[in-house]
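The structure under discussion appears below in the form of structure tokens.
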Amino acid sequence: MSTIILRGNIIHTPTRERFVCIPGGYLVTVDNEIRGVYEELPEAYRSLPVLDYGDQLIIPGLCDMHVHAPQFVYRGLGLDLQLMDWLDRYAFPTEARFADPAYARIYYEAFADAMAKNGTTRAVVFGTLHAEATEILMEELEKKRIAAYVGKINMDTLSPDYLCETPKQSLADTERWILKTKEAYRLVKPAITPRFIPTCSSEVLEGLGRLRETYDLPVHSHLSEDLGEMQIVRERYPEYDNDSDVYDRFGLFTDHTVMAHFIYPTEHELDLVARRGVTIAHCPQSNGNVAAGIPPIRRMLDKGIKVGLGSDVAGGYSLCMLRAMSEAVYLSKLQWLKSEKQDAALSIPEAFYLGTKGGGQFFGKVGSFEPGYELDALVIDDGSLGVAADHLTLEERIERVMHLADDRNLTARYVAGERA
Ligand code: GUN
Ligand code: FE
């Protein structure tokens with residue numbers, strides 16, 4: 001039996017309404033199952049060693065629900081373009097380089113290392129269409145102890161010649177890759193990952209729906225991100241007036257599907273996404289950078305839709321999920337203005353919840369310190385932020401961490417019950 005006892009200023013959000021804070025508390029985990037958070041250490045554990053983090057903050061691990069690993073190579077470039085031009089100029093040429101496994105090894109190792117340093121414990125990750133490189137990505141994430149769903153992506157139409165599969169090859173490569181990787185790692189698993197509707201023929205979407213069902217896999221893609229993308233979908237599927245019905249028709253909308261963005265939902269789509277239990281990955285930095293738009297997150301939450309946060313690197317330039325929390329609040333205030341003050345902005349605990357438990361639910365009991373949850377935790381030293389700790393409440397300290405901290409403030413990371 002492996003027992004881990006952490007001591008420090010414990011902060012989490014079992015509900016999105018408010019922070020629960022336990023100053024100088026004890027977080028007890030036995031065999032990767034949290035037993036509880038205590039002000040005083042219960043008698044039964046008193047003979048065991050305690051990892052004492054003093055005045056530092058202990059929070060749940062951060063979940064990046066949408067990120068493109070190959071785009072780490074060119075993050076921070078081309079962000080004065082709109083989505084479709086940005087894909088042509090940067091994303092596609094860079095992704096083509098991952099045909100070379102040696103190239104993939106170098107950049108995927110750097111990517112996994114950067115994710116870990118930023119305090120990401122769980123992630124849902126796009127690779128490229130190359131199965132071999134995507135296996136390398138999975139190996140590197142496992143080595144760095146990032147628990148992840150990873151996708152070999154599918155692109156068989158409306159893609160550049162140098163980055164395009166035939167439908168048969170796309171499905172055969174995907175199935176081979178699933179069989180090879182589904183039991184190969186402890187923390188990393190495959191996900192069905194059509195790039196988005198424009199680059200996938202209906203033959204491929206239909207085949208992916210079958211593979212999803214056969215192997216009972218999660219699904220990861222983009223949904224209603226950009227008006228140009230949506231126009232292509234309308235023309236290809238004139239029988240539908242939205243993207244969601246297309247995914248749903250091919251069996252790709254389940255309670256283990258995560259879709260990035262959802263910026264322009266119809267009322268019908270909000271109901272469908274809620275009914276199917278699809279999770280939305282909200283990527284605020286990317287939405288501004290590629291001028292995609294401002295999603296109505298409050299309306300999604302009011303409908304009971306599950307929402308997590310994503311970096312969407314390289315639509316976003318930063319892998320830091322604290323940045324995503326901060327920017328989710330910022331963008332929600334612009335949405336409040338855009339909606340003529342109808343859609344209330346996100347509160348600070350709500351943004352924190354989205355970046356932890358909101359995404360964590362996609363992985364099971366993850367993202368909170370309630371009993372029965374897995375131990376994903378970060379230890380954060382906020383001393384360098386100029387915090388006069390004795391003047392601030394723990395709520396104020398974590399709020400400041402959300403806006404100001406970065407990888408330099410991370411002291412320790414625990415993933416799935418182990419120090420990572
Ligand atoms: N839609 C299809 N591909 C991409 C991509 O690489 N990034 C983003 N943000 N949207 C996409
Ligand atoms: Fe994306």
Exercise. Answer yes or no: is there a residue in segment 81-103 that is free of Cβ contacts under 8 Å to residues at least 40 places away in the same chain, away from ligand 2 (no atom under 14 Å from the Cβ), among the aromatic types (Phe, Trp, Tyr) and assigned to a helix (DSSP H, G or I).
Key: yes
Exercise. Among the candidates VAL273, VAL246, single out the residue that is buried (at least 24 other Cβ atoms within 10 Å of the Cβ) and more than 14 Å from ligand 1 (Cβ to nearest atom).
Key: VAL273
Practice problem: Scan segment 242-256 and report the pairs whose first residue is aliphatic (A, V, I, L, M) and whose second residue is buried (at least 22 other Cβ atoms within 10 Å of the Cβ) and not in a helix (DSSP H, G or I), with Cβ atoms within less than 9 Å and a gap of 6+ or a chain change. | Solution: VAL246/LEU252; LEU252/ILE192; LEU252/PRO194; LEU252/VAL219; LEU252/SER221
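Of the residues GLU235, GLU229, GLU225, only one is assigned to a helix (DSSP H, G or I) and under 23 Å from the mean Cα position of the chain (by Cα); which?
Values: GLU235 fails: under 23 Å from the mean Cα position of the chain (by Cα); GLU225 fails: assigned to a helix (DSSP H, G or I).
The match here is GLU229.
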Quiz prompt | Residue under evaluation GLU175, criteria (1) modelled with pLDDT of 95 or more; (2) within 22 Å of the chain's Cα centre (by Cα), criterion not met | solution = (2)
Quiz item: Is it true that some residue in segment 250-265 is within 16 Å of ligand 2 (Cβ to nearest atom), outside any loop (DSSP other than H, G, I, E, B) and of a type in the set (Gly, Ala, Ser)?
Solution: yes
Exercise. Please work out which one of (1) part of a loop (DSSP other than H, G, I, E, B); (2) away from ligand 1 (no atom under 12 Å from the Cβ) is the condition ALA291 fails and give its number.
Key: (2)
Quiz item: Can you find even one residue in segment 214-232 that is within 15 Å of ligand 1 (Cβ to nearest atom), surrounded by fewer than 21 Cβ atoms within 10 Å (Cβ to Cβ) and under 16 Å from MET155 (Cβ atoms)?
Solution: yes
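Tell me whether segment 312-319 contains one or more residues that are within 16 Å of ligand 2 (Cβ to nearest atom) and among the acidic types (Asp, Glu).
Of the residues in segment 312-319, the ones within 16 Å of ligand 2 (Cβ to nearest atom) are 312-319.
Pick out the ones that are also among the acidic types (Asp, Glu) and you get 312.
Yes, segment 312-319 contains a residue that is within 16 Å of ligand 2 (Cβ to nearest atom) and among the acidic types (Asp, Glu).
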Practice problem: Would you check which residues across segment 172-222 are charged (D, E, K, R) and in a strand (DSSP E or B) and list them? | Solution: LYS189
Practice problem: Could you tell me which residue of segment 220-237 is nearest to ligand 2 (Cβ to nearest atom), considering only residues that are within 14 Å of CYS283 (Cα to Cα) and of a type in the set (Gly, Ala, Ser)? | Solution: SER221
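Yes or no, residue by residue, for (1) surrounded by fewer than 24 Cβ atoms within 10 Å (Cβ to Cβ); (2) aliphatic (A, V, I, L, M); (3) more than 16 Å from ligand 1 (Cβ to nearest atom):
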| residue | (1), (2), (3) |
| --- | --- |
| ALA102 | yes, yes, yes |
| GLU109 | yes, no, yes |
| ALA112 | no, yes, yes |
| ASN118 | yes, no, yes |
| ARG122 | no, no, yes |
| ALA131 | yes, yes, yes |
| GLU135 | yes, no, yes |
| VAL150 | no, yes, no |
Quiz item: When you go through SER286, SER318 one by one, which is the residue that is within 29 Å of PRO70 (Cβ to Cβ), surrounded by fewer than 22 Cβ atoms within 10 Å (Cβ to Cβ), modelled with pLDDT of 95 or more and in contact with a Ser or Thr (Cβ under 8 Å, 6 or more places away or on another chain)?
Solution: SER318
Self-check item: Looking only at segment 383-400, and only at residues there that are in contact with a strand residue (DSSP E or B) (Cβ under 7 Å, 6 or more places away or on another chain) and at pLDDT 95 or above, the one that is surrounded by the fewest Cβ atoms within 10 Å (Cβ to Cβ)
Solution: GLU395
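Would you check which residues across segment 7-65 are in a loop (DSSP other than H, G, I, E, B), more than 23 Å from PRO349 (Cα to Cα) and among the acidic types (Asp, Glu) and list them? First the steps, then the outcome.
The first filter runs over segment 7-65 and keeps only residues in a loop (DSSP other than H, G, I, E, B), leaving 13-19, 31-32, 39-42, 46-50, 61.
Remaining after also requiring more than 23 Å from PRO349 (Cα to Cα): 31-32, 40-42, 46-50.
Selection gives ASP31, GLU40.
Of the residues that sit in segment 25-76 and are small (Gly, Ala, Ser) and under 24 Å from GLY383 (Cα atoms), which one is nearest to ligand 1 (Cβ to nearest atom)?
Just the residues of segment 25-76 that are small (Gly, Ala, Ser), to begin with: 25, 36, 44, 47, 54, 61, 69, 76.
Imposing the further condition that a residue be under 24 Å from GLY383 (Cα atoms) reduces the set to 25, 54, 61.
Values: GLY25: 39, GLY54: 41, GLY61: 24 Å.
Per the stated criteria, the residue is GLY61.
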Practice problem: Report yes if some residue within segment 168-182 is farther than 21 Å from LEU83 by Cβ and buried (at least 22 other Cβ atoms within 10 Å of the Cβ); otherwise report no. | Solution: yes
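Conditions (1) under 19 Å from LEU217 (Cβ atoms); (2) not aliphatic (A, V, I, L, M), marked per residue:
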| site | (1), (2) |
| --- | --- |
| ARG105 | no, yes |
| TYR108 | no, yes |
| PHE111 | no, yes |
| THR128 | yes, yes |
| LEU141 | yes, no |
| LYS144 | no, yes |
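When the residues of segment 61-70 are filtered to those that are within 13 Å of ligand 2 (Cβ to nearest atom) and within 15 Å of the chain's Cα centre (by Cα), which remaining residue is farthest from MET325 (Cα to Cα)?
The initial filter retains those residues of segment 61-70 that are within 13 Å of ligand 2 (Cβ to nearest atom), namely 64-70.
When the remaining residues are screened for being within 15 Å of the chain's Cα centre (by Cα), the result is 64-69.
Values: ASP64: 11, MET65: 12, HIS66: 14, VAL67: 15, HIS68: 19, ALA69: 20 Å.
Top of the filtered list is ALA69.
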Quiz item: Which condition number does LYS189 fail, the rest of (1) over 15 Å from the mean Cα position of the chain (by Cα); (2) among the charged types (D, E, K, R); (3) away from ligand 2 (no atom under 16 Å from the Cβ) being met?
Solution: (1)
Quiz item: Quick one: how many residues across segment 256-272 are of a type outside the set (Ser, Thr, Tyr) and within 26 Å of LEU319 (Cβ to Cβ)?
Solution: 7
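The values are calculated or read from the model by the stated rules, or taken from the named source; none is laboratory data. Computed from a predicted model, the values in this text were never measured in an experiment. Cβ: placed from backbone, ideal geometry, glycine included. Neighbour counts: every protein chain shown.
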